Number of protein chains: 4
Amino acid sequence: MREFSTPTRVYIEDTDAGGVVFYANYLRYLERARTEALRSCGISLPELQHEQRRLFVVKSIKADYLAPARLDDELTVHANMIEIKRASLVCQQPVFRGDQQLLESSVILACIDADTGRAVRLPDSVLGALGASVTHSPTAGAH
Amino acid sequence: MREFSTPTRVYIEDTDAGGVVFYANYLRYLERARTEALRSCGISLPELQHEQRRLFVVKSIKADYLAPARLDDELTVHANMIEIKRASLVCQQPVFRGDQQLLESSVILACIDADTGRAVRLPDSVLGALGASVTHSPTAGAH
Amino acid sequence: MREFSTPTRVYIEDTDAGGVVFYANYLRYLERARTEALRSCGISLPELQHEQRRLFVVKSIKADYLAPARLDDELTVHANMIEIKRASLVCQQPVFRGDQQLLESSVILACIDADTGRAVRLPDSVLGALGASVTHSPTAGAH
Amino acid sequence: MREFSTPTRVYIEDTDAGGVVFYANYLRYLERARTEALRSCGISLPELQHEQRRLFVVKSIKADYLAPARLDDELTVHANMIEIKRASLVCQQPVFRGDQQLLESSVILACIDADTGRAVRLPDSVLGALGASVTHSPTAGAH
């Protein structure tokens, strides 16, 4: 498992008339943290898209909103890759303000071909960068 | 169960550099549909906030992204209240483009006191408007 | 001049902790109205992008915020094409709530080649659809 | 004049199907930079709102989009307070990627009473923090 976290400030754009962070905007924080987690492993999403024609897409998300974040809060957003599989990643993404957990979330990502939109195997460069053991089974061509 | 759906157009603001709707933006569609579902029952969120000091907040969400939506798509966003409880609502919210389902999602909402942020019973006016049977148990005052 | 307007509802996603619509979000409303104005003339932005490799981009905006919009407000967003030139459009975009004007704005759009990013002449199909007189000067080929 | 700038990364949430940063999202960057500029002077917007019942609101904006920002770009967003007046601030906010200017913008902010929404004088604490000379004219009470 690869652990990663990044600080994130709450700005006015993130809040709503209830005085708290709008529920959809946590997903923006989560995506930023995942991008930074990949960057910290040497993986660049634009390069992946333009050179290898590969995109990461979200397949599913589960999130529990435990307590609200407010304007000016400094949050810690995690992106822990808890499962690295041939064609998908499972990323656990709690969000904290200090010691208090505000969000519990889990995101499943898949890799797709940017041209066809079809699910494909994660590039070896990505698997290697994430520290996964890259194994080429003799039947890989059948997938 | 109360069923509701509303059409939603995909605009440029909703898309990302992958050419599809950004995953967080579906949650904006879902919230609009829930607001319209409540409005269709005669429930106004600003009135609820300003007159009764009650807010609906999202407690949890589960979403499966089945297929991407693209610029200019006309989506049908559902907000089906499948459980109406004393202090929470469960809202099932699939999103379709024509016959094709793009998103499967389920959202749990709670009602909170706007001043204290604490979970409270849904106002009778809301329960009544949603068609729930409003029962006053003798011990209701204890809650 | 071609006049167009479209109704727009204010949702929670649009508001901020000040209780009003966040200033950047008016630009989302303006873009929706421009897209609908073009659609009402038979112009589809995705078709323009995919078939003719042409994109509209904003070159400049001026906006005066006259009064705040609030949750649940029904706004009327205008997109009046007041100048249609060979390579740009000037769109005047006031926003009203009933009789009260909330925003005064003016947006200049240019047409670019989706592949090179360079400014290009508006396609004849667009000029024609907007009701501009399409004149081919003998030297047009030199541009 | 007080100069300030802050680095800002472009994330997927900021881009659109044209592959570039959506025009409204620059205004989110500008707001973050203004907030950080105020913070760097010791001014907290939530404190201002909750303790003094004062909000800053945008009165007008002018922006010229010179060149597009793209996914993963590292931008420098400026917030230069070029005029500090009794009831308003003028903030010049160019955005750069390295040496290349992508946006030219100017924002006028006013201070309002959070309860009445009416324009009011900037609090002395803010004027002082911004380095403006705070002068109490004998007739100030009449305003």
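Are any residues in the range D:1-47 of a type in the set (Asp, Glu) and closer than 17 Å to D:Thr76 by Cα, and if so, which ones?
The answer is D:Glu3, D:Asp14, D:Glu31, D:Glu36.
Given the criteria at the interface with another protein chain (Cβ under 10 Å from one of its Cβ atoms) and not acidic (Asp, Glu), does B:Leu75 qualify?
no
Using the structure shown, decide if D:Val21 is within 18 Å of D:Leu103 (Cα to Cα) and in contact with a helix residue (DSSP H, G or I) (Cβ under 8 Å, 6 or more places away or on another chain).
yes
Inside the range D:26-56, can you point out the residues that are under 25 Å from D:Phe96 (Cα atoms), more than 9 Å from the chain's Cα centre (by Cα) and within 7 Å of another protein chain (Cβ to nearest Cβ)?
Scanning the range D:26-56 gives D:Leu27, D:Arg28.
Among the hydroxyl-bearing types (Ser, Thr, Tyr) and more than 23 Å from A:Thr8 (Cβ to Cβ): does that describe A:Thr35?
No; evaluated as a whole, the condition is false for this residue.
Every residue in the range D:117-131 that is loosely packed, with under 13 Cβ neighbours inside 10 Å and within 12 Å of chain C (Cβ to nearest Cβ), please.
Passing the criteria: only D:Arg118.
Mind checking which strands (runs of 3 or more DSSP E) fall wholly inside the range C:1-110 and carry at least 1 residues that are of a type in the set (Gly, Ala, Ser), open to solvent by less than 20 Å² (accessible area, probe 1.4 Å) and at pLDDT 95 or above?
Answer list for the range C:1-110: C:54-65.
For the range D:3-52, what are the residues that are in contact with a Ser or Thr (Cβ under 8 Å, 6 or more places away or on another chain), more than 29 Å from D:Pro68 (Cβ to Cβ) and without any contact (Cβ under 8 Å) to a residue 40 or more places away in the chain?
D:Leu45
The values are calculated or read from the model by the stated rules, or taken from the named source; none is laboratory data. Worth saying up front: this structure is predicted, and the values here are computed from it rather than measured. As a convention, Cβ positions derive from the backbone with ideal geometry for all residues, glycine included, and neighbour counts pool all protein chains shown. For the accessible areas, the whole protein counts, side chains as well, though only heavy atoms, and no ligand, DNA or RNA atoms are used. Shrake-Rupley method; radii C 1.70, N 1.55, O 1.52, S 1.80 Å.
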